[in-house]
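Undergrad: Let me give you the structure first, and then I'll get to my questions.
The values are calculated or read from the model by the stated rules, or taken from the named source; none is laboratory data. Just so we're clear, the structure is a prediction, and the values are computed from it rather than from any experiment. Positions of Cβ are backbone-derived with ideal geometry, glycine not excepted, and every protein chain shown enters the neighbour counts. Heavy atoms of the whole protein, side chains included, go into the accessibility calculation; ligands, DNA and RNA do not. Shrake-Rupley method; radii C 1.70, N 1.55, O 1.52, S 1.80 Å.
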Amino acid sequence: MLRYKLQILGLSEVRRNGFGELRMSGGLTFLYSGKEDEEGARENGVGFLLSDTAKKSLLDWKPISERIITARFNSRARKITVIQCYAPTNLASEEDKDDFYSALNLTIKNIRKQDIVIVMGDLNAKVGTENVGCQRHMGTHGLGGRNDNGERFLEFCQDNDLTIGGTLFIHGDHHKYTWNSPDGVTKNQIDHLAISAKWRSSLLDVRNRRGADIDSDHHLLVAKVRLKVAVARPTNTTTKVGKRFEINKLQDPVVGEAFRLSLRNRFSALEADHSSVNAEWNYIKMAYTETSSVVLGYKRHGREDWMSQRTWNLIEERRKSHLQILATIDEAVREDLRVQYRRIRKSIYRSARHDRRVWAENVADCAQRAANSGNLREMYKATRILTGKRALKKKPLKDKRGELIATSEGQLQRWREHFEEIFQVSNSPITPTTAANLPAVSLDIDESPPLKRK
């Protein structure tokens, strides 16, 4: 997502039960919707991964089911409602398909009429190239023929006045297909993005990005839209965290020695001004920051602390192997490259397990040392990290009608209404009967609205 500079990334088959909001590394926000039974089998599931800019423009989101999730964003033109889907396969029962499209149609009807609607995801639908009688809702640049799911999806787009973006633009077939069978023979265009037909001119391009390798048989589908998300409300005045140095490199003896040598040279080269404390501080700050930027570099977003550089190198090697497979025509050479790809994938799994184990042992050692020295703060911090409770999970509340409230502002308003009802002062006259039930001493209760404290 960071490499392709995406603002909103829709995810299908996330296999996470329940629903909620998670703050991820690199400033990303993960919204997900899965099966209601959080202890059941992990199947299906959909979600959104939002950049920091998209999160600030988020107005509302709703987990509809394990196959549908919606999010509403503010933009400079109009409000945008994005629906992420994961449709049943073409071999699924007619009942499952009917239930999915019934829920999807109901979701569309509940969207405000003035909103720009975008429906995207793994629809498992082949719409083909034939567009006779439906020119408004699809182009002629699809791929292959049309299956039953394709008929259903096209009918859905016609009923809700949507245009299928992947059929509008001229691309080679290798930039159209979004699914590739494990044997590399069958290739289909089953992932789609459809936009309100009135706004189809805002869609600049839709194509796959085969270089995005996540060890999946699906390719990333990217759309360029001439609609920029805008911050929905003024942001708070908290200090923005700047770039951070990669201090973990200091654990390497070679890097540590290079850092000390470079720092010593910078101190000897600079002439300190001892006339004031500020000048002395600026002198020290300059020496450390310049040395850190050259020797250590800055932290890269989206990287887990427990993963070693060796694992990231293997991931990059796997990505290059994936690109080689895509660029090779000879089938014998492609098969050899697939074998190499699977070998690298197994190496990644082994290296990641080793990194995770080493990281857990180091955190446990830190917790033990903190406990021995009586540093309870560090001990509990390490314990929370080991138990995996580092990400803040936030679930939507329900309003009086039973509908979910996902945004922080809406949830605070709902809590305010709740407490106002509880602590509401009755205006009815006091009778001898009611006076007997009143407390002897008035309760000192703060009736001001609740605040969100960090």
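Undergrad: Would you be able to tell me the number of residues in region 87-122 that are assigned to a loop (DSSP other than H, G, I, E, B) and under 29 Å from ARG76 (Cβ atoms)?
TA: 6
Undergrad: Hey, another quick one. Give me the residue from region 102-134 that is of a type in the set (Ser, Thr, Tyr) and open to solvent by 20 Å² or more (accessible area, probe 1.4 Å) and, out of that set, nearest to VAL82 (Cα to Cα).
TA: Out of the qualifying residues, it is SER102.
Undergrad: Please go through region 120-162 and give me each residue that is farther than 26 Å from PHE48 by Cβ and basic (Lys, Arg), ordered by number.
TA: ARG136, ARG146 - these are the residues of region 120-162 that are farther than 26 Å from PHE48 by Cβ and basic (Lys, Arg).
Undergrad: With ILE405, ILE385 as the choices, which residue is under 26 Å from SER57 (Cβ atoms), modelled with pLDDT of 75 or more and surrounded by 10 or more Cβ atoms within 10 Å (Cβ to Cβ)?
TA: ILE405
Undergrad: Only one of (1) under 30 Å from SER181 (Cα atoms); (2) without any contact (Cβ under 8 Å) to a residue 24 or more places away in the chain; (3) touching an Asp or Glu at 6+ places or on another chain (Cβ under 7 Å) is not met by ARG345, so which one is it?
TA: Failing condition for ARG345: (2).
Undergrad: Further question on the same structure: With the condition kept exactly as written, say whether any residue in region 257-277 is surrounded by 14 or more Cβ atoms within 10 Å (Cβ to Cβ), modelled with pLDDT under 80 and under 30 Å from ILE195 (Cβ atoms).
TA: No, the conditions are met nowhere in region 257-277.
Undergrad: Now, a different point. So which residues in region 334-360 are under 13 Å from ILE315 (Cβ atoms) and either touching a Ser or Thr at 6+ places or on another chain (Cβ under 8 Å) or not in a helix (DSSP H, G or I) (or both), if there are any at all?
TA: TYR341, ILE344, ILE348, SER351, ALA352, ASP355
Undergrad: Taking the stated definitions as given, is ALA367 at pLDDT 85 or above and closer than 24 Å to LEU314 by Cα?
TA: No.
Undergrad: Among the numbered criteria (1) within 11 Å of the chain's Cα centre (by Cα); (2) touching a residue at least 40 places away in the same chain (Cβ under 8 Å), which one does ASN44 miss?
TA: So the condition that ASN44 fails would be (1).
Undergrad: Okay, next question. Looking only at region 175-216, which residues are closer than 18 Å to ASN147 by Cα, part of a loop (DSSP other than H, G, I, E, B) and either open to solvent by less than 30 Å² (accessible area, probe 1.4 Å) or in contact with an Asp or Glu (Cβ under 6 Å, 6 or more places away or on another chain) (or both)?
TA: LYS176, TYR177, THR178, SER181, GLN189, ILE190
Undergrad: Same structure again: Could you check region 1-84 for strands (runs of 3 or more DSSP E) lying wholly inside it with 1 or more residues that are among the charged types (D, E, K, R) and surrounded by fewer than 20 Cβ atoms within 10 Å (Cβ to Cβ)?
TA: The qualifying strands (runs of 3 or more DSSP E) are 19-23, 58-63.
Undergrad: Go through region 199-224 and give me each residue that's in contact (Cβ under 8 Å) with a residue 40 or more places away in the chain and of a type in the set (A, V, I, L, M, F, W, C).
TA: TRP199, LEU203, VAL206, ALA212, LEU220, LEU221, VAL222, ALA223
Undergrad: Condition (residue is touching a Gly at 6+ places or on another chain (Cβ under 9 Å) and not aromatic (Phe, Trp, Tyr)) applied to region 306-321: is it met by at least one residue?
TA: Within region 306-321, one or more residues are touching a Gly at 6+ places or on another chain (Cβ under 9 Å) and not aromatic (Phe, Trp, Tyr).
Undergrad: Counting just the residues of region 135-174 that are assigned to a loop (DSSP other than H, G, I, E, B) and without any contact (Cβ under 8 Å) to a residue 12 or more places away in the chain, which one comes out least open to solvent (accessible area, probe 1.4 Å)?
TA: GLY172
Undergrad: Kindly establish whether ILE329 is touching a Leu at 6+ places or on another chain (Cβ under 6 Å) and of a type in the set (Val, Ile, Thr).
TA: no
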